Protein chains: 2
Amino acid sequence: MAEVLPHPERSEIQIESVLQALADPVRLRFVRELAKLGCDGAPCGSIDLPVTKSTRTHHLRILRESGVISVRPEGTSRISTLRRDDLDALYPGLLDSILAAKR
Amino acid sequence: MAEVLPHPERSEIQIESVLQALADPVRLRFVRELAKLGCDGAPCGSIDLPVTKSTRTHHLRILRESGVISVRPEGTSRISTLRRDDLDALYPGLLDSILAAKR
């Protein structure tokens, strides 16, 4: 049976956790890359990050647990998707303003 | 001579630091209260926070050093002001979306 990772429901997402998740340069870079790829998601390893595998796992967990991304197993891989619908519904304009930030 | 506290120039403000500053419930509460007061600023002690004085000082320093607020001495008090113009210019929509967040 495929492993199912816990995700917060939309109603459980909190602004402080979302901001905390996006406040890290490595996580923000990952989210920017994910946003470029659109809504179909990306295999976890396909977005290059300048960190070790265990650090990557740590960052992806924070993004998932805060409600910023969803992660689903697909075969032996994991596919990450930005939860744009949820974030846009909860915090209109937030994600776009962060993604558009030049620095 | 009045003490002058260091503040980042607009060009030095970084999105990660702003998000980090706003990701804390106490700091977010302070910023929300400041936003309600408008642009004239508020004496530091006038916004009630459920923390000790030294913790308040710590939080205000993080907000100031990230570029979210400016703090100026006025007599024996310090006046905090939200740097709305700078934040709105750098990250259009960010502050409004965070201030409007219900949770």
Flag for A:Arg61 being of a type in the set (Lys, Arg), over 22 Å from B:Ile13 (Cβ atoms) and free of Cβ contacts under 8 Å to residues at least 24 places away in the same chain: yes
Check whether at least one residue in the stretch A:35-58 is out of contact with any Asp or Glu (no Cβ under 9 Å at 6 or more places or on another chain) and within 22 Å of B:Leu95 (Cα to Cα), and report yes or no. yes
Can you find a residue that is of a type in the set (A, V, I, L, M, F, W, C) and either away from chain A (no Cβ under 14 Å) or farther than 26 Å from A:Arg32 by Cβ (or both) anywhere in the stretch B:3-18? yes
Against the condition surrounded by fewer than 19 Cβ atoms within 10 Å (Cβ to Cβ) and either modelled with pLDDT of 95 or more or over 11 Å from the mean Cα position of the chain (by Cα) (or both), how does A:Leu37 come out, does it pass? yes
Tally the residues that are free of Cβ contacts under 8 Å to residues at least 40 places away in the same chain, within 13 Å of chain A (Cβ to nearest Cβ), open to solvent by less than 40 Å² (accessible area, probe 1.4 Å) and not polar (S, T, N, Q), restricting the search to the stretch B:65-99. 1
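The values are calculated or read from the model by the stated rules, or taken from the named source; none is laboratory data. Nothing here was measured: the structure is a model prediction, and the numbers come from that model. As a convention, Cβ positions derive from the backbone with ideal geometry for all residues, glycine included, and neighbour counts pool all protein chains shown. SASA here: full protein model, heavy atoms, side chains in, ligands and nucleic acids out. Shrake-Rupley method; radii C 1.70, N 1.55, O 1.52, S 1.80 Å.
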